[in-house]
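What follows is a set of notes on a single structure, which appears directly below.
The values are calculated or read from the model by the stated rules, or taken from the named source; none is laboratory data. Only a predicted model underlies this, so the values are computations on that prediction, with no experimental measurement involved. Because the Cβ atoms are built from the backbone with ideal geometry, glycine has one as well, and the counts that use them run over all protein chains shown. Each accessible area value is taken on the protein alone, full model and side chains, heavy atoms only, with ligands, DNA and RNA left out. Shrake-Rupley method; radii C 1.70, N 1.55, O 1.52, S 1.80 Å.
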Amino acid sequence: MKIVIPVDNNSMETNVCISFGRAPYFLIYDTKTEENSFMDNSAASSQGGAGIKAAQSIVDSRAEAILTPRCGDNAAEVIKAAGIKLYKTVNDSIQDNIKAFKEGKLNLLDDIHPGLHQHGGK
Amino acid sequence: MKIAVLSGKGGTGKTLVSVNLAAAAPASVYIDCDVEEPNGHLFFKPQDLKNQRVVVKIPQADQKLCNGCRTCVDFCKFNALAYIKDKLIVFNEVCHSCGGCLLFCPEKAISEKEKEIGIIQSGISGNVRVVTGILNTGEASGVPIIKRLLQDIRQESEAVFIDCPPGSACIVMESIKDADYCILVAEPTIFGVHNLDMVYELVRLFHKPHGVLLNKCLEEENPAEEFCRKNQIKILGKIPFDLELGTMNSNGQIAVRHHPKYKELFRNLLDLVIKETRHETASNT
Ligand code: SF4
Ligand code: SF4
């Protein structure tokens, strides 16, 4: 199963990024083959709607689950529409979270935050 | 003559100043461009209210025509569009109604529908015509409302006072675009200087004639005043920190209409601003 985690850097030594839409990279990890790859988040620098754009790229990567500390409402709508599950990370360690996910110990993310959007117009 | 009143943050007395200047003029128009939190009307309590809807155009895709090429998704720089499971999703609140997606869709699958983002309310309060822009909560941008507000007064012959939104974002730029003169309202604190600096940069960027009005002045040192001296910014006047004024303000009373002292203060300020504006216009032509 392909899972995605927003991360601070493009190496397995990095940490979980506190932001979803503005994370610089996404780790794409295959729980079966244990293969990993990193995807640049082109949305990180966009003026507004970063979460929507980031979510779109993740959907396109055919991930089946996202592990993230938080997620905005617009991004969550895209992710939900695509049928991808959102899980809440337990700490900032990639390894811990992958392990917890494999063991089925992660909870679904339920605190979807509104606002926080950086609209160009305001 | 169009005079914009601005400040780097809310609560500096921007509305107090614009409301009282408008009330001090023989006949004037007061425009509330602080569309997220318009409160000038609470002072004027205008009568004969008329509402006008402000609508913007939001795209919608015809699923039968859409082939999923995503030209629209890639084009939208506000990221208001997503294409998920063979369906285009439009985030209405994020869309800025630029119309680009409609233009670039190769299949002509996108059409537009109208969406109300707010209203413009106008009414009369004595010598002042009061026009208020009100943005619905959750909307991405009040710029379309401001555009409409200012378009409607382009030919106005009376003096116009524009109560700008706080800050220096693009919505403020829109509000001062047509102004002949900008009054920057500043508080006498270090933080006040920081806020003043923000709007000062903005008016310089737009080459707008401007002056500073020092509000809430005490006898003590005034960092905002120092800032003006150092940068050679015209100081238009000082409004003393005054309990009476504060009380009138919190009761929603217009000082100029209630107290001769303030009538004189704002009349004098108005005369000075008019003189400054004429002077600037004369030296620019
Ligand atoms: S550009 Fe037109 S055809 Fe292409 S995805 Fe958008 S709506 Fe569909
Ligand atoms: S109208 Fe402009 S802002 Fe709105 S969805 Fe289309 S391209 Fe994006």
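Just one of the listed residues (B:87, B:177, B:147) is within 16 Å of ligand 1 (Cβ to nearest atom) and of a type in the set (D, E, K, R), and it is B:87.
Given the options B:266, B:227, name the one that is part of a helix (DSSP H, G or I), of a type outside the set (Gly, Ala, Ser) and under 25 Å from residue B:42 (Cα atoms). Write out each step before concluding.
Values: B:227 fails: under 25 Å from residue B:42 (Cα atoms).
On inspection, the qualifying residue turns out to be B:266.
Scanning segment B:77-92 for residues that are open to solvent by 20 Å² or more (accessible area, probe 1.4 Å) and either under 22 Å from residue A:61 (Cβ atoms) or facing another protein chain (nearest Cβ under 8 Å) (or both) yields B:77, B:78, B:83, B:85, B:86, B:87, B:88, B:89. Scanning segment B:93-113 for residues that are surrounded by fewer than 15 Cβ atoms within 10 Å (Cβ to Cβ) and hydrophobic (A, V, I, L, M, F, W, C) returns B:103, B:104. Report yes if some residue within segment B:155-175 is without any contact (Cβ under 8 Å) to a residue 12 or more places away in the chain and under 19 Å from the mean Cα position of the chain (by Cα); otherwise report no. The answer is yes, given that some residue of segment B:155-175 is without any contact (Cβ under 8 Å) to a residue 12 or more places away in the chain and under 19 Å from the mean Cα position of the chain (by Cα).
Residues in segment A:83-117 that are in contact (Cβ under 8 Å) with a residue 12 or more places away in the chain, under 20 Å from residue B:85 (Cα atoms) and surrounded by fewer than 19 Cβ atoms within 10 Å (Cβ to Cβ): A:85 only. For segment B:43-75, filtered to residues that are more than 16 Å from ligand 1 (Cβ to nearest atom) and open to solvent by 100 Å² or more (accessible area, probe 1.4 Å), the residue that is nearest to the other protein chains (Cβ to nearest Cβ) is B:53.
Counting the residues of segment B:179-207 that are at pLDDT 90 or above, open to solvent by 30 Å² or more (accessible area, probe 1.4 Å) and not in a helix (DSSP H, G or I) gives 3.
Filtering B:172, B:128, B:143, B:73 for residues that are touching a Phe, Trp or Tyr at 6+ places or on another chain (Cβ under 8 Å), of a type in the set (Val, Ile, Thr) and closer than 30 Å to residue B:7 by Cα leaves a single hit, B:128.
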